[in-house]
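Quick notes on the structure that follows.
The values are calculated or read from the model by the stated rules, or taken from the named source; none is laboratory data. Just so it is clear, the structure is predicted and the values come from calculations on it, not from any experiment. Ideal geometry is used to build each Cβ from the backbone, glycine not excepted, and the neighbour counts take in all protein chains shown.
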Amino acid sequence: MTAPVYLGVDVGSVSTNLVLLDAHSLEVADKVYVRTQGQPIRTLQRAMAKIARKNQWQIVGVGTTGSARQLAGVILGADVVKNEITAHAVAALHVEKGVQTIIEIGGQDSKMIILRDGVVSDFAMNTVCAAGTGSFLDQQAARLGIPIQDFGRIALRSRHPVRIAGRCTVFAESDMIHKQQLGHSLADILAGLCDAMVRNYLTNVGKGKEIRPKIVFQGGVAANQGMRRAFEAALNAEVIVPRHFDVMGAIGAALLASETICREGATRFHGFEITESVYQNHSWECQDCSNQCEIVDIVKDGRIIASWGSRCGKTDSSSEYGMLGAGN
Amino acid sequence: MKITFPHMGNLYIAIEALLSELKFDLIIPPPSSKRTLTLGTKYSPETICLPLKLGVGNFLEGIELGADTGLMVGGRGPCRLGYYAALQQEILYDLGKEIEFIVLDHPKEDFVRFKSQIIPLIKAGGVKALAKGLALAWEKLVAVEKLERTAHYVRPREARPKAATQVLNRALQKLRHTNTVGGIRKLCRQECDHLRDLIDRNAQEPLKVGVVGEIYTILEPFANLDLEERLGYLGVEVLRTVSLVQWLKNNLILSSLGLYSNRWLRINARGYLHASVGGHGLESVARTVALAGQGYDGIIHILPFTCMPEIVAQCILPNVSVDYQIPVLSLVVDEHTGETGFQTRLEAFVDLLSRRGQGGLQHDSACISWS
């Protein structure tokens, strides 16, 4: 007996997350988390194989999001391909009714989404600087020789967080080293770093935004208890970390898939056979005019199934995913 | 004398018409590309804005093709553009490129210099050729903008994706080889009809978004990562608020005669900004206010990193957005050519606008929605 589920896929720079939502209750039935490691297609196939092996799910709809959403959409036969801002908002609204502010911090980017009456009214993403994203915390944890999982727990022990410059990770790092050499405790330094990251986030991404409760904190960095406490202190409000904070994008994609299926009927999912197929991506530079577009062809078992990248459109596939970014 | 000049969108078509009529040898640099950007950033000051860097790249690519004279605009005012001609010339000298510069100053700001620079141009071809060249250049500029405007209208409604862009590009190339005023007008009419034939009659009424901001980043598709096209494919009708035809009419012709004032801009921006802060800073604020009143769904504000006038506007626009209930997305462009993040922001913005347009909450018993 196989249970009907919606599949949500979030292929990001660092991790690829798959979520299965029960088609009736829309609760998370299963989730798979794998590192992307620069090979989105292979990673996706591996993650799908994990699900296929369990042999207990029937996929009735597929949604993709994340920076490789278009690629994942083509490989899987997605019913909806959506940007991650919308996907995160949909997921947060689903798990936390009445949310008005979403703080999302991932490996490479951070965003803030403002909602009013259940609709996105404003959003911001980090622009010119990656300070305050997961990668920096990862790097500092490694430098201090502590596992990233323990970062938050240690930071919570702090009684007097030290002041660390948050504007730029280069300044932050030299400040941290300085404080460490003066003999401040590890807990105080880590807590100080959390405060600095939060200050940086609020002044850059949150600039000019009206932050109202409920506030939901999601993305990989939400695992860090120290960051959550720093946000609560800075905002003077409760910050909710949802149970599945690390796969909210994928949950959003699955919810959007369920919405699309309700409207359009049958899924376009290619089936679990995709784990067996051989995919190649082949890129070339078109020389037909001075634009010299970089074209990418996605080849499945020797046949081009999608192509994108041309400005004039002549090499684009007829597939609905072929357009610039596949809006939908 | 072999003249080259920096690109700004399709402006080269008008410059080509004028200078070839004056019998100058003209070297049109290749369209701005990643190579142009690489060359430009390598030799430009780090914190200067993208228009200068791409301009340096264009000059270097023009010089490679044999150019010995550069054509550039001058000017005064709070925006740094006014001294870019001098700066670019210095950069090129330092690289050992012995290139002469013709700098076109605003006649009102420095008439003597303007005269001294315009005289060699007149001498080259005679007054009659200059008059004809100016007429052709003007007609072509008008035609280019009309074609582009039509493409903005057609893209979100077209039956076959990217068809309008293909027709537009072919029309622009035909326009380059048409050299009578009558011919230009006829071609423009025909091609606009041709573009409108691409409309799918059953297409939904698209969202309408106004693009405000710094003139170069609005007009140069390489700098704005094809912003207008991307929006078109996402089903958005774009209104480009910057028009060179209008700008030349207002700031060159009327203002030289003392007939133009920016009064309507100041009236629209009242309460937010009371003075010209250079570039298009005041325009960005005033246009946003004006478009909010005209039923536009949203505004995209585009600026190069470190652009002072537009940073002023960027800080004011969130207030306009709240007061007039119109979403505004500010996009800062710089050297990054990573398109994914750019596309994500545009898609999310278009989602925001369309969900808003639907009244936001859609309750359907079987389907989940946003709340």
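For region B:247-266, the condition holds for no residue, the condition being that it is surrounded by 22 or more Cβ atoms within 10 Å (Cβ to Cβ), in contact with a helix residue (DSSP H, G or I) (Cβ under 9 Å, 6 or more places away or on another chain), in contact (Cβ under 8 Å) with a residue 12 or more places away in the chain and under 26 Å from B:Cys49 (Cα atoms). Which of (1) out of contact with any helix residue (DSSP H, G or I) (no Cβ under 6 Å at 6 or more places or on another chain); (2) more than 9 Å from chain B (Cβ to nearest Cβ); (3) surrounded by 23 or more Cβ atoms within 10 Å (Cβ to Cβ) does A:Leu115 not meet, given it meets every other one? Unmet for A:Leu115, out of (1) out of contact with any helix residue (DSSP H, G or I) (no Cβ under 6 Å at 6 or more places or on another chain); (2) more than 9 Å from chain B (Cβ to nearest Cβ); (3) surrounded by 23 or more Cβ atoms within 10 Å (Cβ to Cβ): (2).
Test A:Gly61 against the criterion of being more than 8 Å from chain B (Cβ to nearest Cβ), touching a residue at least 40 places away in the same chain (Cβ under 8 Å) and in a strand (DSSP E or B), and give yes or no. It is true that A:Gly61 is more than 8 Å from chain B (Cβ to nearest Cβ), touching a residue at least 40 places away in the same chain (Cβ under 8 Å) and in a strand (DSSP E or B). Sub-7 Å Cβ pairs linking a first residue in region A:209-233 that is more than 20 Å from A:Val90 (Cβ to Cβ) and in the same structural domain as A:Val14 (by TED's automatic domain parsing) to a second residue that is acidic (Asp, Glu) and not in a helix (DSSP H, G or I), at least 6 apart or interchain, number zero. If I filter region A:202-210 for residues that are β-branched (Val, Ile, Thr) and at pLDDT below 90, do I get at least one hit? For region A:202-210, residues β-branched (Val, Ile, Thr) and at pLDDT below 90: present.
Scanning region A:52-72 for residues that are more than 19 Å from A:Glu276 (Cβ to Cβ) and crowded, with 24+ Cβ neighbours inside 10 Å yields A:Gly61, A:Gly63, A:Thr64, A:Thr65, A:Gly66, A:Arg69, A:Gln70.
Report yes if some residue within region B:81-93 is more than 17 Å from B:Leu11 (Cα to Cα), modelled with pLDDT under 90 and in contact with a helix residue (DSSP H, G or I) (Cβ under 6 Å, 6 or more places away or on another chain); otherwise report no. Within region B:81-93, none of the residues are more than 17 Å from B:Leu11 (Cα to Cα), modelled with pLDDT under 90 and in contact with a helix residue (DSSP H, G or I) (Cβ under 6 Å, 6 or more places away or on another chain). Of all residues in region B:211-235, exactly one satisfies the criterion of being under 24 Å from B:Trp138 (Cα atoms), hydrophobic (A, V, I, L, M, F, W, C), part of a helix (DSSP H, G or I) and in contact with a strand residue (DSSP E or B) (Cβ under 7 Å, 6 or more places away or on another chain), namely B:Ile218.
When residues in region A:22-69 are screened for being among the polar types (S, T, N, Q) and closer than 20 Å to A:Met248 by Cβ, 6 of them pass. For region A:278-295, which positions are farther than 27 Å from B:Gln173 by Cβ and either without any contact (Cβ under 8 Å) to a residue 60 or more places away in the chain or within 14 Å of chain B (Cβ to nearest Cβ) (or both)? Selection gives A:Val278, A:Gln280, A:His282, A:Ser283.
Only residues that are out of contact with any Leu (no Cβ under 8 Å at 6 or more places or on another chain), among the hydrophobic types (A, V, I, L, M, F, W, C) and either surrounded by fewer than 15 Cβ atoms within 10 Å (Cβ to Cβ) or modelled with pLDDT of 85 or more (or both) were counted across region A:131-151, and they come to 2.
When region B:48-87 is examined, which residues are found to be part of a helix (DSSP H, G or I) and touching a residue at least 60 places away in the same chain (Cβ under 8 Å)? Once the filter is applied, which keeps residues that are part of a helix (DSSP H, G or I) and touching a residue at least 60 places away in the same chain (Cβ under 8 Å), region B:48-87 yields B:Leu50, B:Pro51, B:Lys53, B:Leu54, B:Arg80, B:Leu81. Exactly one condition in (1) of a type in the set (D, E, K, R); (2) touching a Ser or Thr at 6+ places or on another chain (Cβ under 9 Å); (3) farther than 29 Å from B:His177 by Cα is false for B:Lys115; which is it? Only one criterion in (1) of a type in the set (D, E, K, R); (2) touching a Ser or Thr at 6+ places or on another chain (Cβ under 9 Å); (3) farther than 29 Å from B:His177 by Cα is unmet by B:Lys115, namely (2). Residues of region B:21-73 that are small (Gly, Ala, Ser) and on the phi < 0 side of the Ramachandran plot: B:Ser32, B:Ser33, B:Gly40, B:Ser44, B:Gly55, B:Gly57, B:Gly62, B:Ala67, B:Gly70.
Limited to region B:157-210, what total is found for residues that are over 19 Å from B:Trp138 (Cα atoms), free of Cβ contacts under 8 Å to residues at least 60 places away in the same chain and part of a loop (DSSP other than H, G, I, E, B)? Going through region B:157-210 one residue at a time, the tally reaches 11.
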